[in-house]
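Undergrad: The structure's right below; bear with me while I get my questions together.
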Amino acid sequence: MKYDVLIIGGGPAGNYLANLLARDFSVAIVEKKGSFGGKACTGIIGTKNYERLGFPEEAILNQLRGAVFYSRIQSFEIERKKPQAYLVDRKVLEKALAERAVSRGVEYYMATAFQGFKGGKAILQHLGERIEVEADFYVGADGVSSTVAKEMGAKTNAEFLSGYEVEVVGDFKKDFVEVWINKEINGDFFMWVAPVNKGLARVGTLGSIEALNRFLRLRRLKPTSVVEFKAGSVGLGWRKPWVRGNVALLGDAALQIKPTTAGGIVFGGICAHALREALLSGRFSDYEKVCGEIRRQISFGMRFRRIFLGMSQGDVEKVFEVLGSREAREIIEEQADFDDHIKTAKALLKRPKLLAKLIRISPSIVRYLV
Ligand SMILES: Cc1cc2nc3c(=O)[nH]c(=O)nc-3n(C[C@H](O)[C@H](O)[C@H](O)COP(=O)(O)OP(=O)(O)OC[C@H]3O[C@@H](n4cnc5c(N)ncnc54)[C@H](O)[C@@H]3O)c2cc1C
């Protein structure tokens, strides 16, 4: 068997890339699971990029147009007229992308695990049988613990965090997500409540299961009202290189994930376009360069993450006072971009009054962000 491109991993990134390449290349995907979905993932994706990338409409479960931010002692609300993010069903998203790819000629090897490269070929394990597949190019879209990344010798100094998420029955505001920043509950990350509908929400955090339990108690959600539990992991930072020889990494395998929110589906989709461009131009090694915008966003997100980790809850309260002010909320409501956090920070820091207040809290916050 010989293909132009063999994609390892049939998550959102691999399936999406398969669709993009199908017209110009012979493409196959190997996916180690026997079915799609099942991963711990809240499934929040910014509407603008969802539509721009052409993700399937049938995966949308809910539309979110606002957020309520809670610290330990304060809260403020951001409300937009139109939905800013969708909450999606991951299984439907992945399967719909895979069906689209198959109809465009992509070949799928389900329940097939990539084990390594030997003699320029991919060694695969399919239901107890060892098979070898050859391709001109290989793409590792095999998630955060990527085997392809190990095989190509990619290195990382990222921060790896466990993620825990439950679906819980309760009473929720259907089109508003809750973001809780309380370092006494969780010093590693924020907690979120993302409604699937009025009576069901996905509640999660990164860090430890104890932190999630503490949060469920604080939020007065009964552990006995939990109807689903999932755990996973994310890597915040860099894994490099993204391309070496005829092998590239995409999506979580390359840690193309926002360090601010741990959202990775859009970044994987945007980098899939960069990979296609690099393949079509015949300059595969340009992939990282073409993906420059995402590299800038990750870099910014890492600076933001360092600030967050260095903050006490007292600092968080001071930042809440600034961001909860009328002036800041107006800017966020008018200009915040769900996936472009550089744009949002720039819009806020352009206002002299807000800038002065933030400098007063900590000059290093502003220095880091600028
Ligand atoms: C708790 C939590 C909440 C999250 N919430 C969001 C969110 O709301 N929005 C968002 O955008 N992101 C979110 N993320 C991140 C998001 O889940 C990832 O960024 C996204 O899944 C990355 O997609 P991917 O296709 O790169 O990798 P994955 O989704 O991990 O897919 C990789 C695929 O490769 C397969 N695979 C692995 N190894 C092999 C192998 N050796 N051979 C063959 N196949 C293999 C796996 O089975 C899997 O199907 C969240 C993550 C966590 C942990």
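The values are calculated or read from the model by the stated rules, or taken from the named source; none is laboratory data. It should be emphasised that the depicted structure is a prediction, and the values quoted were computed from it without experimental measurement. A quick note on method: Cβ atoms are made from the backbone with ideal geometry, for glycine too, and the neighbour counts reach across all protein chains shown. We work out accessible area using only protein heavy atoms, side chains counted, and drop any ligands, DNA or RNA first. Shrake-Rupley method; radii C 1.70, N 1.55, O 1.52, S 1.80 Å.
Undergrad: Considering only residues that are under 21 Å from Pro12 (Cα atoms) and open to solvent by 10 Å² or more (accessible area, probe 1.4 Å), which ones fall in the stretch 242-263? Please lay out each step first, then the result.
TA: Residues of the stretch 242-263 that are under 21 Å from Pro12 (Cα atoms), as a first pass: 242-243, 247-263.
Across the stretch 242-263, the qualifying residues are Val243, Val247, Asp252, Lys258, Thr260, Thr261, Ala262, Gly263.
A quick yes/no check of all residues on (1) touching a Ser or Thr at 6+ places or on another chain (Cβ under 8 Å); (2) over 24 Å from Lys81 (Cβ atoms); (3) in the same structural domain as Trp180 (by TED's automatic domain parsing); (4) open to solvent by 50 Å² or more (accessible area, probe 1.4 Å):
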residue	(1), (2), (3), (4)
Arg329	no, no, no, yes
Lys350	no, no, no, yes
Ile359	no, yes, no, yes
Ser364	no, yes, no, no
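Undergrad: To continue, here is another question. If you go through the stretch 150-204, how many residues are within 16 Å of the ligand (Cβ to nearest atom), assigned to a strand (DSSP E or B) and of a type outside the set (A, V, I, L, M, F, W, C)?
TA: Selection size over the stretch 150-204: 11.
Undergrad: What are the pairs, 6+ residues apart or on separate chains, where a residue within the stretch 349-370 that is charged (D, E, K, R) has its Cβ under 6 Å from a residue that is at pLDDT 85 or above?
TA: Partner pairs satisfying both residue conditions: Lys357/Val322.
Undergrad: Across the stretch 64-94, what is the number of residues that are within 14 Å of the ligand (Cβ to nearest atom) and either closer than 28 Å to Val319 by Cα or more than 19 Å from the chain's Cα centre (by Cα) (or both)?
TA: Qualifying residue count for the region: 6.
Undergrad: So which pairs qualify, if the first residue must be in the stretch 23-44 and farther than 21 Å from Phe267 by Cα and in contact (Cβ under 8 Å) with a residue 40 or more places away in the chain, the second must be part of a loop (DSSP other than H, G, I, E, B) and away from the ligand (no atom under 12 Å from the Cβ), the Cβ gap must be under 6 Å, and the two must be at least 6 apart or on different chains?
TA: Val27/Val106
Undergrad: Of the conditions (1) at positive phi; (2) in contact with a helix residue (DSSP H, G or I) (Cβ under 6 Å, 6 or more places away or on another chain); (3) exposed (fewer than 15 other Cβ atoms within 10 Å of the Cβ), Gly143 satisfies every one except a single condition; which number is it?
TA: (3)
Undergrad: Any idea which of Ser325, Ser285, Ser312 is under 24 Å from Gly143 (Cβ atoms), away from the ligand (no atom under 14 Å from the Cβ), open to solvent by 10 Å² or more (accessible area, probe 1.4 Å) and over 20 Å from the mean Cα position of the chain (by Cα)? Write out each step before concluding.
TA: Values: Ser325 fails: under 24 Å from Gly143 (Cβ atoms); Ser312 fails: under 24 Å from Gly143 (Cβ atoms).
Just a single option satisfies the conditions, and that option is Ser285.
Undergrad: Okay, next question. Residues that are closer than 25 Å to Arg303 by Cβ and more than 7 Å from the ligand (Cβ to nearest atom): does the stretch 221-228 have at least one? It would help to see each step written out before you state the result.
TA: At the first step, the residues of the stretch 221-228 found to be closer than 25 Å to Arg303 by Cβ are none.
No, there is no match, as no residue in the stretch 221-228 is closer than 25 Å to Arg303 by Cβ and more than 7 Å from the ligand (Cβ to nearest atom).
Undergrad: Read through the list (1) within 24 Å of Ile270 (Cα to Cα); (2) without any contact (Cβ under 8 Å) to a residue 12 or more places away in the chain, then give the number of the only condition that Glu330 fails.
TA: (1)
Undergrad: Test of understanding: among Leu250, Leu279, which residue is aliphatic (A, V, I, L, M) and over 30 Å from Gly207 (Cβ atoms)? Reasoning before the result, please.
TA: Details: Leu250 fails: over 30 Å from Gly207 (Cβ atoms).
After applying the criteria, what remains is Leu279.
Undergrad: Within the stretch 23-56, which residues are open to solvent by 60 Å² or more (accessible area, probe 1.4 Å) and more than 25 Å from Tyr109 (Cα to Cα)?
TA: Hits for the stretch 23-56 are Lys48, Glu51, Arg52.
Undergrad: Right, here's the next one. Does Phe229 count as assigned to a helix (DSSP H, G or I) and closer than 23 Å to Gly163 by Cβ? Please lay out each step first, then the result.
TA: Working: assigned to a helix (DSSP H, G or I): no; closer than 23 Å to Gly163 by Cβ: yes.
In short, no.
Undergrad: Say whether the condition of being open to solvent by 80 Å² or more (accessible area, probe 1.4 Å) and of a type outside the set (Lys, Arg) is met by at least one residue in the stretch 70-83. Talk me through it step by step, then tell me what you get.
TA: In the first step, residues of the stretch 70-83 are kept if they are open to solvent by 80 Å² or more (accessible area, probe 1.4 Å); the result is 72-73, 79, 81-82.
Retained after the next criterion (residues that are of a type outside the set (Lys, Arg)): 73, 79.
Yes, that holds for at least one residue.
Undergrad: Considering only the stretch 122-149, state which residues are assigned to a loop (DSSP other than H, G, I, E, B) and of a type in the set (Val, Ile, Thr). It would help to see each step written out before you state the result.
TA: Kept after step one, since they are assigned to a loop (DSSP other than H, G, I, E, B), are these residues of the stretch 122-149: 127-128, 141-146.
The one that is assigned to a loop (DSSP other than H, G, I, E, B) and of a type in the set (Val, Ile, Thr): Val144.
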